Amino acid sequence: MSEKVLLSSKEINIILHRLACQLLETHLNFENTVLIGIQPRGKFLAQRLTKILQEEYNVKHIDVGFLDITFYRDDFRRGDKTLEATKTKIDFLVEDKNVVLIDDVLYTGRSINAALTALQSFGRPKDVELLCLIDRRFSRHLPIQPNYRGRQVDAINDEKVKVMWEENDGEDIIYLVNR
């Protein structure tokens, strides 16, 4: 197994600031917009973007939540591995709001499909957008595309994109792993 660095900490930081600016251009004051990180790893991206928007662009208030999709996945009973759910934390209404779903890697689209289904439990959004840090564009099983993307990666099926977050893994770095 070999690992190749796709993005360094500095490159990730630049991309996060670009994504924050793109969100700001579209949503301006976030009065009618909520950010929802898909658990477990979209949570770190959502938190980082919120911090940038608040601290560097003076956005006063952003509703940010975290959505667990474990039992909404179409493959949750297919493997031998027992899946562990994480915690959903959405303490605001999504009814008639612009929702930005946030995840670290967009691969087959199945996680996003599960997130869309899970989101319905919290109301009917006015609009749903997708933000992802890494878009594995040639691996889609469903017709799902991001509105905001950090970087497109052309990884073949036996390669894996591994996103490491300082808060969880001790450093910010993204690898392309050959299995």
Would you work out what percent of the accessible area of the chain, with all protein chains in place, is carbon or sulfur (probe 1.4 Å)? 46
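Using a cut-off of 13 Å between beta-carbons, work out the net charge of the residues near E129 (Lys and Arg +1, Asp and Glu -1, E129 not included). Write out the running numbers ahead of the final one.
Numbers: positive: K97, K126, R149; negative: E25, D103, D127.
Its environment carries a net charge of 0.
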Got a number for the accessible area of V100? Probe 1.4 Å, square angstrom, nearest 10. 0
Computed on Cα atoms only, the convex hull of the chain has an orientation-averaged projected area in nm² of 10.3
Below 29 Å, Cα to Cα, which lysines can K60 reach? Residues fewer than 8 away in the same chain don't count. K10, K43, K51, K87, K89, K97, K126
Compare the peptides 101-113, 139-151, 43-55 by average per-residue count of other Cβ atoms within 10 angstrom and give them in order, highest first. 101-113, 43-55, 139-151
Between T86 and L28, what length in nm is gained on full extension when 0.36 nm per residue of separation is reduced by their alpha carbon distance? 17.8 nm
If you take every residue apart from D96 with its C-beta less than 10 Å away from the C-beta of D96, what net charge results, scoring Lys and Arg +1 and Asp and Glu -1? +1
Summing Lys, Arg as +1 and Asp, Glu as -1, what charge do residues with Cβ under 11 Å from the Cβ of V64 carry, V64 excluded? +2
Hull-based mean projected area of the range 119-163, where the convex hull spans the alpha carbons, in square nanometres: 4.3
In Å³ per residue, the alpha-carbon convex hull of the range 87-179 encloses 117
For the range 1-57, which semi-axes, largest first and in whole Å, follow from the square roots of 5 times the eigenvalues of its Cα gyration tensor? 25, 14, 9
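The values are calculated or read from the model by the stated rules, or taken from the named source; none is laboratory data. In this text, all values refer to a predicted model and were calculated from it rather than measured experimentally. Virtual Cβ from ideal backbone geometry, glycine too; neighbours counted across all protein chains shown. These area figures cover heavy atoms from the full protein model, side chains too; ligands, DNA and RNA do not enter into them. Shrake-Rupley method; radii C 1.70, N 1.55, O 1.52, S 1.80 Å.
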